[in-house]
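What follows is a set of notes on a single structure, which appears directly below.
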Amino acid sequence: MKILVALLVVFSVTLPALADPEADRLAFAEFYLSRFPSIELQAHKDGAYALDQAKREQWLEMEDFPPYEIAVDEGELLYARAFDNGESYAACFDQGGLGIKQNYPYFDIERSEVITLEMALNLCREKHGEAPLDYAGELMGNLTAYMAYTSRGNKFAITVPPEGLSAYEAGKQFFYERRGQLNFACSSCHLQSAGGMLRAEILSASIGHATHWPTYRFKWEQIGGLHKRFIECNEQVGAEGLAQQSPAYRNLEYFLTYMNNGMTLNGPASRK
Amino acid sequence: MITIVSRYSLHLCLVLSLFGCGESNSVKPGEATLAKADAAASDSPEVILFATKSLYNGAKQKDHAWIATSREIAVAEKALEAGDLAAARQAALRAQLTAQASLAQANLESQAWRTRVP
């Protein structure tokens, strides 16, 4: 009996604490504040350009003629176009879908899964008898660019209901797990080594990682979503990337965006 | 005593399963064949490849597959097709090593990630 009680005590002490997203977020923010004492948290929404003046100036020049402008315009037209049944996207979203990106992704209790903005758009299409769009395609990029544009200046307000805690935890685990032959976690580069250099690149802070999607990248020569970047970051450490909008990536986005709560949306954006 | 034990037994089970004791009951696709794959080093390239693919799928199921594994599997398959058994064997063994390492990583990381949370 005594042994049993002793065992229980030992195990109970080492039990992982129950998930507390808000405590996680505060510790996350605190980490970056002490890593970069002279940089305001909000400034990290510009990623690596918040950390290097020379790169920032180059980038600001680039932003004089924003390469995502066409995507926003095309997205606006697409968004307004009626489906065959006469309905349109606006019918599927609060506020007609304008200025709402700060609430995505969210945990859908009925479906018991994380719903990203991309997925919500395809669910809307399905509901109205339209074929889903390719998550990696240009149309999805344009639509989300427009929706992001109408949400500029809003602040992330992601919520995690009790039912969503395990999805949040799964995303958190993904973020901190080492992967690939090089054995790196997201956190190895974007937390532990944030501000450091990797080849010619400065490693950005994850506290700004959700604010500016979709993003036009000159390397991609197109506008792409956050999951496209996840794939690239997985692959560069020798891990296989997952499908865009796979459950694991949606959970990762959920965690990452919760960590970005309170950050101002500034999408779409451009990156090198 | 009995009431206390039964009252805490669920707790204890949960606690133990967190430390992996409860996991031995569940068959994990990759690990179940780990021993087989090890023994396969002296086998033909086909056998090594067969066992390795199972390891690879186990890692993939855990979202922990490595690019190197699928690359070497493809190299081995191509060599087999071309009838180059020596090259097939070499690639299959490389694939096997990386598949084993990716699974070991997945298992280790299922707990180790907690140490990195600020």
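Bear in mind that the values in this text are calculations on the coordinates, not laboratory data. Here the structure is a predicted model, which is why all the values come from computation and not from measurement. Note: ideal-geometry Cβ built from the backbone for every residue, glycine included; neighbour counts use all protein chains shown.
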The Cα radius of gyration of chain A, divided by 2.2 N^0.38 Å with N its residue count, comes to 1.07
In whole Hz, with x marking every Gly and Pro, tabulate ³J(HN,Hα) for region A:240-254 from phi via Karplus 6.51 cos²θ - 1.76 cosθ + 1.60, θ = phi - 60°. 6, x, 9, 5, 4, 6, 5, x, 5, 5, 5, 5, 4, 4, 4
Checked region A:15-95 with the C-alpha gyration tensor, a ≥ b ≥ c its square-rooted eigenvalues, rounded below a/c of 1.5, otherwise prolate if a/b is larger than b/c and oblate if not; verdict oblate
Sequence-distant or interchain residues sharing an amide H contact under 5 Å with B:Ala65, placed H: which? A:Glu240, B:Lys60
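Counting other C-beta atoms within 10 Å, which of A:Trp59, B:Trp66 has the fewest, and how do the rest follow?
So the ranking, lowest neighbour count to highest, is A:Trp59, B:Trp66.
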For A:Asp20 and A:Ala90 in one chain, what is 0.36 nm times their gap in residues minus the Cα-Cα distance, to one decimal in nm? 21.8 nm
How big is the Rg/Rh ratio for region A:170-214, C-alpha atoms only, Rh by Kirkwood, two decimals? 0.99
Quick one: order A:Met140, A:Met119, A:Met62 by neighbouring beta-carbon count within 10 Å, fewest to most. A:Met62, A:Met119, A:Met140
Based on the Kirkwood radius over alpha-carbon pairs, what value in µm²/s does the Stokes-Einstein equation return for the translational diffusion coefficient of region A:202-272 at 20 °C and 1.002 mPa s? 169 µm²/s
Applied in sequence order to region B:93-99, the curve 6.51 cos²θ - 1.76 cosθ + 1.60 (Karplus, θ = phi - 60°) yields integer Hz couplings, x standing for Gly and Pro, of 5, 5, 4, 4, 4, 5, 5
Under the Kirkwood approximation for Rh and a Cα-based Rg, what ratio Rg/Rh is obtained for region A:69-149? 0.94
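Can you compute the equivalent ellipsoid semi-axes for region A:111-250, i.e. the square root of 5 times each eigenvalue of the Cα gyration tensor, sorted largest first and rounded to whole Å?
They are 26, 19, 16 Å, listed from largest to smallest.
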Order of A:Cys186, A:Cys124 from fewest to most other C-beta atoms within 10 Å? A:Cys124, A:Cys186
Kindly write out, for region A:263-269 in residue order, the coupling ³J(HN,Hα) from the Karplus curve 6.51 cos²θ - 1.76 cosθ + 1.60 (θ = phi - 60°), rounded to whole Hz, with x marking Gly and Pro. 7, 7, 6, 9, x, x, 9
